[in-house]
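Student: Can you keep this structure in mind? I'll have questions shortly.
Each reported figure results from applying straightforward, stated rules to the coordinates on display, with no laboratory input. Model, not experiment: these values are computed from the prediction. Because the Cβ atoms are built from the backbone with ideal geometry, glycine has one as well, and the counts that use them run over all protein chains shown.
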Amino acid sequence: ETRTVREFAKTAFAAAGIEVEFEGEGVNEIAKDKATGKVVLKVNPDFFRPAEVELLIGNPAKAESKLGWKREISFQELVERMVKNDLELVKKEAANN
């Protein structure tokens with residue numbers, strides 16, 4: 001199962017209650033909050049790789065056979081957990097300041 005960075009970002013923003021729309025492409029691509037029009041995501045040119053291969057696929061077979069590892073949660077749930085945890089950390093930091 002493959003995902004794009006755009007899919008990850010869209011899923012993460014949705015988990016935070018923000019619907020985004022994307023504009024532009026490459027280093028000029030941005031994501032805007034649909035409700036406010038505010039730019040909430042943009043490409044950092046220091047990390048943009050225009051010659052990047054389009055598709056990188058990992059194979060979990062070795063982890064499954066050697067370690068007995070099995071995926072237990074979906075992509076959606078993983079992203080939601082990550083966002084929830086980050087939002088909780090931000091709240092704790094804000095409370096301590």
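Student: Taking the Cα centre of region 1-92 as origin, work out the dipole magnitude from +1 charges on Lys and Arg Cβ and -1 charges on Asp and Glu Cβ, in debye rounded to 20.
Tutor: Values: 16 positive and 17 negative charges, 76 e Å.
For this selection, approximately 360 debye.
Student: Here's another thing I want to ask about it. Keeping to pairs on different chains or 8 or more places apart, tell me how many lysine pairs in region 11-97 have Cα atoms under 16 Å apart.
Tutor: Working: Lys32/Lys42; Lys34/Lys42; Lys62/Lys70; Lys84/Lys92.
Lysine pairs meeting both conditions in region 11-97 amount to 4.
Student: Please compute P(r) over all alpha-carbon pairs of the chain, binned at 10 Å starting from zero, and give each bin as a whole-number percent.
Tutor: Distribution as computed: 13, 31, 35, 18, 3 percent.
Student: If the elastic network links every pair of Cα atoms under 10 Å, which of Gly58, Gly68, Gly24 fluctuates the most in the Gaussian network model of the chain?
Tutor: Per the Cα network of the chain with a 10 Å cutoff, Gly68 tops the list.
Student: Let me ask another. Put +1 on the Cβ of every Lys and Arg and -1 on every Asp and Glu Cβ in the chain; which of Gly24, Thr36, Ser65 then has its Cα farthest towards the positive end of the dipole?
Tutor: Ser65
Student: Considering only Lys34, Lys84, Lys62, give the residue with the highest GNM mean-square fluctuation for the chain, with springs between Cα atoms whenever their separation is below 10 Å.
Tutor: Sorting by GNM fluctuation, first place goes to Lys62.
Student: Follow-up question, since we're still on this one. Let me have the relative contact order for region 6-97, percent, based on Cα pairs under 8 Å that are six or more residues apart.
Tutor: Working: 68 pairs, mean separation 22.0, N = 92.
This gives 24 percent for region 6-97.
Student: Next question, about the same structure. Separation between the Lys91 and Ala63 pseudo-spin-labels, each 7 Å from Cα along Cα→Cβ, expressed in nm?
Tutor: 2.9
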